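**Student:** Below you'll find the structure I mean.
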Amino acid sequence: MKKIQFWFMLLCLILLSSWGCQTQTEPVVDGASGIGDPYYPQMGNGGYDVQNYTIALDVDPHANTINGSTTILANATEHLGSFNLDFHALTVNSVLVDNIPAEFSRDEDEMTVTPSKPLALNRPFTVVVNYHGTPELITFDAFPIEMGWSHAQDGTINVWGEPNAAYTWFPNNNHPRDKASYRFEITVPKPWIVAASGSLKETKQDGDKTLFVWEMEQPMASYLASINIDQYELFTQKGPGGMTIRSYFPPDYPETLRIGFNILPSAIDFFDDLFGPYPFDEYGVVISDNTAPCNTVDTALEVQSLSIHCPSEVMASERVIIHELAHQWFGDSISLENWKDIWLKEGLAVYSEWLWESKNDPAALARIAKLHRSGFFDSPASVGEPPPDGLYSDETYRGGALVLQALRLQIGDEAFLELLKTYAERYRYGNAGTDEFIALAEEVSRQDLKGFFDQWLFSQRMPDLPD
Ligand SMILES: [Zn+2]
């Protein structure tokens with residue numbers, strides 16, 4: 001080593017926080033336009049890892065217009081000459097990278113940002129995107145129903161993000177693999193109320209407007225970020241350990257449906273025992289308006305810490321309430337690695353319905369599962385490899401739960417329950433896919449389960465459940 005190189009490296013070590021030491025060796029690259037999901041190559045982006053989004057919007061509920069900014073704090077995972085954000089339709093006023101105006105171009109839903117100078121590997125950078133306009137709903141191959149920023153004539157707004165509609169209202173790395181914390185600073189005219197993922201930190205009156213500040217401190221996938229604007233009535237309960245359960249009901253939401261949500265404290269307690277502690281600070285639900293997607297499909301979505309339910313009677317049923325709650329452990333705290341792993345989150349949520357219904361009594365569970373097996377028709381797809389244009393099928397939901405019941409019978413009650421708890425704990429706030437789940441099932445049960453999963457998860461004809 002030449003002496004001058006030695007002193008240069010020493011200087012780099014001393015000035016670790018200084019700009020440029022690593023730029024000497026790493027070639028400058030353009031960040032990829034996809035994160036690497038085998039089913040949806042354009043989803044998400046490469047070259048950086050988002051730490052935090054701060055979404056600051058001034059919303060006019062009647063006009064359905066927004067004006068504001070999203071600030072992204074990220075780390076560069078490559079020496080970046082440019083990088084992409086996913087963003088749909090809204091008009092971008094300007095982009096700043098580390099407070100310096102950056103060039104940007106747009107090609108459909110891909111926005112390419114070119115900073116004034118390359119971003120060093122492994123160093124944090126900040127992007128501010130200023131934008132305005134009227135958000136548009138989208139449809140997608142995997143779920144051909146309008147999703148995203150949904151607006152009702154009376155001014156009510158609900159955001160439904162799964163699987164990729166987050167980019168209808170803020171620019172982001174639109175894939176569950178890149179999770180981040182969130183801050184929402186949403187300003188609305190009085191008397192509108194904002195309910196979002198996370199905890200309400202502050203409300204500030206400013207003339208005829210109100211600012212609502214919500215924060216989700218635990219990592220969250222972009223599709224689980226949601227804000228909802230209505231003239232809500234707030235209903236609070238105390239959960240296990242004194243946790244706050246806060247639900248937001250529209251004024252005309254009937255009392256007969258509201259009381260369905262009274263089960264939440266005991267349901268959280270039930271799953272705390274089975275899966276380990278509830279993963280977020282608060283829980284609750286928000287009832288959506290009857291606009292998209294509720295005007296097409298009766299549904300609910302496990303928004304992190306604030307599940308959103310369509311206003312129907314079915315969506316206030318015990319089964320649906322339990323399903324969305326269970327997703328907080330499986331789907332939210334543990335995000336999918338790839339969208340093809342969707343059976344894991346949906347299968348576990350449906351299985352949680354059966355756990356609740358049977359009170360985890362093995363004989364009752366076996367009866368419930370048998371009943372579902374008899375009503376289940378195999379399609380040409382396997383549970384573990386759904387078609388990219390049909391993620392949300394009976395295979396994914398009931399099929400996934402049947403695989404889990406078969407696994408329980410294969411490895412025994414004790415190992416199966418240990419598997420659920422260990423899985424929730426080991427991958428808490430992270431990502432896991434089918435491979436991780438199979439490896440953990442083998443580890444906990446000390447069985448070689450390759451033959452089992454080949455038969456149950458990857459073959460097109462599902463076996464019958466053993467007695
Ligand atoms: Zn679900």
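Rule-based calculations on the coordinates, nothing more; no lab input. Just so we're clear, the structure is a prediction, and the values are computed from it rather than from any experiment. Here the Cβ is made from the backbone with ideal geometry for all residues, glycine too, and neighbour counts use every protein chain on show.
**Student:** Where nothing but the Cβ of Lys and Arg (+1) and of Asp and Glu (-1) is charged, how large is the charge dipole of the range 335-467 around its Cα centre, in debye to the nearest 20?
**Tutor:** Numbers: 14 positive and 23 negative charges, 52 e Å.
Charge dipole of the range 335-467: 240 debye, to the nearest 20.
**Student:** Placing +1 on the Cβ of each Lys and Arg and -1 on the Cβ of each Asp and Glu in the range 48-327, which of PRO189, PRO250, PRO163 has its Cα farthest towards the positive end of the resulting dipole?
**Tutor:** PRO189
**Student:** Here's something else I'd like to know. Let me understand the range 48-327 better: what is its radius of gyration from the alpha carbons, and its Dmax, in angstrom?
**Tutor:** Using the Cα atoms of the range 48-327, the pair Rg, Dmax is 18.8, 60 Å.
**Student:** To continue, here is another question. Considering only DSSP beta bridges whose two residues both sit in the range 48-327, what percent are antiparallel, to the nearest 5? Show your work: numbers first, answer last.
**Tutor:** On the way: 77 of 90 bridges.
Restricted to the range 48-327, the bridges split so that about 85 percent are antiparallel.
**Student:** Would you mind putting 255-261, 68-74 in packing order, based on average other-beta-carbon counts within 10 Å, highest first? Don't skip to the answer; put the middle values down first.
**Tutor:** Working: 255-261: 13.7, 68-74: 19.7.
Answer by packing, highest mean first, reads 68-74, 255-261.
**Student:** Tell me the mean residue ellipticity at 222 nm calculated for the chain from its helices only (DSSP H runs of n ≥ 4, each -39500 (n - 2.57), averaged over every residue, nearest 500). Don't jump to the answer; show the numbers that get you there.
**Tutor:** On the way: 10 runs with 113 residues, N = 467.
Counting only the DSSP helices, I get -7500 deg cm²/dmol.
**Student:** Provide the per-residue ³J(HN,Hα) series for the range 25-34, in order, calculated from phi with Karplus coefficients 6.51, -1.76, 1.60 and θ = phi - 60°, each as a whole number of Hz, with x at glycine and proline positions.
**Tutor:** 10, 7, x, 7, 10, 8, x, 5, 7, x
**Student:** Among TRP456, ALA432, ILE411, whose Cα projects farthest towards the positive end of the dipole of the range 352-467, with charges put on the beta-carbon of Lys, Arg (+1) and Asp, Glu (-1)?
**Tutor:** Projecting each Cα onto the dipole axis, the largest value belongs to ILE411.
**Student:** Of all the C-alpha pairs in the range 213-279, what % are more than 14 Å from each other?
**Tutor:** Working: 1530 of 2211 pairs.
Summing the P(r) tail past 14 Å for the range 213-279 gives 69 percent.
**Student:** Here is a further query. Report the charge-dipole magnitude of the chain in Debye, nearest 20, computed about the Cα centre from +1 at each Lys and Arg Cβ and -1 at each Asp and Glu Cβ.
**Tutor:** Working: 30 positive and 65 negative charges, 233 e Å.
In total the dipole reaches around 1120 debye.
**Student:** Exceeding 20 Å between C-alpha atoms, which entries from my cross-link table qualify? They are LYS204/LYS238; LYS201/LYS238; LYS179/LYS345; LYS179/LYS340; LYS345/LYS421.
**Tutor:** Numbers: LYS204/LYS238 25 Å; LYS201/LYS238 18 Å; LYS179/LYS345 16 Å; LYS179/LYS340 18 Å; LYS345/LYS421 14 Å.
Among LYS204/LYS238; LYS201/LYS238; LYS179/LYS345; LYS179/LYS340; LYS345/LYS421, the Cα-Cα distance tops 20 Å for LYS204/LYS238.
**Student:** Just how far, in whole angstrom, is the range 303-349 from the range 46-91 if you go by their alpha carbon centroids?
**Tutor:** Their Cα centres are 26 Å away from one another.
**Student:** Let me check I've understood the local charge: for PRO466, count other residues with C-beta under 12 angstrom from its C-beta, Lys and Arg +1, Asp and Glu -1. What total comes out? Working shown, then result.
**Tutor:** Working: positive: LYS370, ARG373, ARG408; negative: ASP464, ASP467.
Surrounding charge for PRO466 is +1.
**Student:** Within the P(r) computed for the chain, what percentage of the Cα pairs occupies the region above 41 Å? Write down the numbers at each step before the final one.
**Tutor:** Values: 23152 of 108811 pairs.
When every Cα pair of the chain is considered, 21 percent fall beyond 41 Å.
**Student:** Under unit Cβ charges (Lys, Arg +1; Asp, Glu -1), what dipole magnitude, rounded to 20 debye, does the range 48-327 have relative to its Cα centre? Show your work: numbers first, answer last.
**Tutor:** On the way: 14 positive and 38 negative charges, 131 e Å.
Here the size comes out at about 620 debye.
**Student:** Tell me the label-point distance for the pair ASP252, ASP435, using the 7 Å Cα-to-Cβ offset, in nm and rounded to one decimal.
**Tutor:** 5.1
**Student:** Along the charge dipole of the range 43-182, Cβ charges K/R +1 and D/E -1, which of PRO61, MET147, ILE100 sits furthest on the positive end?
**Tutor:** ILE100
**Student:** Quote to one decimal, in nm, the extra length available between LYS204 and ASN295 on full extension: 0.36 nm per residue of separation minus the C-alpha distance between them. Kindly include the intermediate steps, with their values, before the conclusion.
**Tutor:** Working: separation 91, 0.36 × 91 = 32.76 nm, distance 3.38 nm.
Result: 29.4 nm gained on full extension.
**Student:** Any chance you could get the radius of gyration and Dmax over the Cα atoms of the range 171-223, in Å?
**Tutor:** 12.9, 41
**Student:** Here's something else I'd like to know. Given a Förster radius of 25 Å and the C-beta distance between ASP60 and LEU234 as r, what FRET efficiency does 1/(1 + (r/R0)^6) yield to the nearest 0.05? Could you put the intermediate results ahead of the total?
**Tutor:** On the way: r = 23 Å, r/R0 = 0.92.
About 0.60, to the nearest 0.05.
**Student:** Using the alpha-carbon centroid of each, what span in Å lies between the range 215-285 and the range 443-467?
**Tutor:** Between the Cα centres of the range 215-285 and the range 443-467 lies a distance of 35 Å.
**Student:** Oh, and also: Could you work out how much longer the chain between PHE458 and ASN99 gets when fully extended? Use 0.36 nm per residue separation minus the Cα distance between them, nm to one decimal.
**Tutor:** 124.3 nm
**Student:** Mind listing the long-range amide H neighbours of SER307? Cut-off is under 5 Å, sequence gap 5 or more, other chains count too, H placed in the peptide plane at 1.01 Å from N.
**Tutor:** Long-range HN contacts for SER307: GLY284, VAL286.
**Student:** Oh, and also: Step through the residues of the range 266-277 one at a time and calculate ³J(HN,Hα) from phi using the Karplus curve (6.51 cos²θ - 1.76 cosθ + 1.60, θ = phi - 60°), rounding each to whole Hz and writing x for Gly and Pro.
**Tutor:** Karplus-based 3J(HN,Hα) across the range 266-277 equals 6, 5, 4, 4, 4, 7, 3, 5, 7, 10, x, x Hz.
**Student:** While we're looking at this one, here's another question. Skipping prolines and chain starts, which residues have an amide H placed within reach, meaning under 5 Å, of the one on ILE227, given they are 5 or more residues away or on another chain?
**Tutor:** The list, which skips near neighbours in sequence, is VAL159.
**Student:** Which net charge results when you count Lys and Arg as +1 and Asp and Glu as -1 among the other residues whose beta-carbon is under 15 Å from that of HIS62?
**Tutor:** Values: positive: LYS190, LYS209; negative: ASP58, ASP60, ASP154, ASP208, ASP230, ASP289.
Result for the neighbourhood of HIS62: -4.
**Student:** Suppose the chain between GLU26 and LEU211 were pulled fully straight at 0.36 nm per residue; how much longer would it get relative to their current alpha carbon spacing?
**Tutor:** The GLU26-LEU211 span can extend by a further 62.2 nm.
**Student:** Using a simple spin-label model with points 7 Å from Cα along the Cα→Cβ vector, what separation in nm is obtained for ARG426 and LEU274?
**Tutor:** The modelled label-to-label distance comes out at 2.0 nm.
**Student:** How large is ³J(HN,Hα) for each residue in the range 141-155, as worked out from phi by the Karplus curve 6.51 cos²θ - 1.76 cosθ + 1.60 (θ = phi - 60°), to whole Hz, x for Gly and Pro?
**Tutor:** 3J(HN,Hα) across the range 141-155, in whole Hz: 3, 5, 8, x, 10, 4, 9, x, 7, 10, 10, 9, 3, 6, x.
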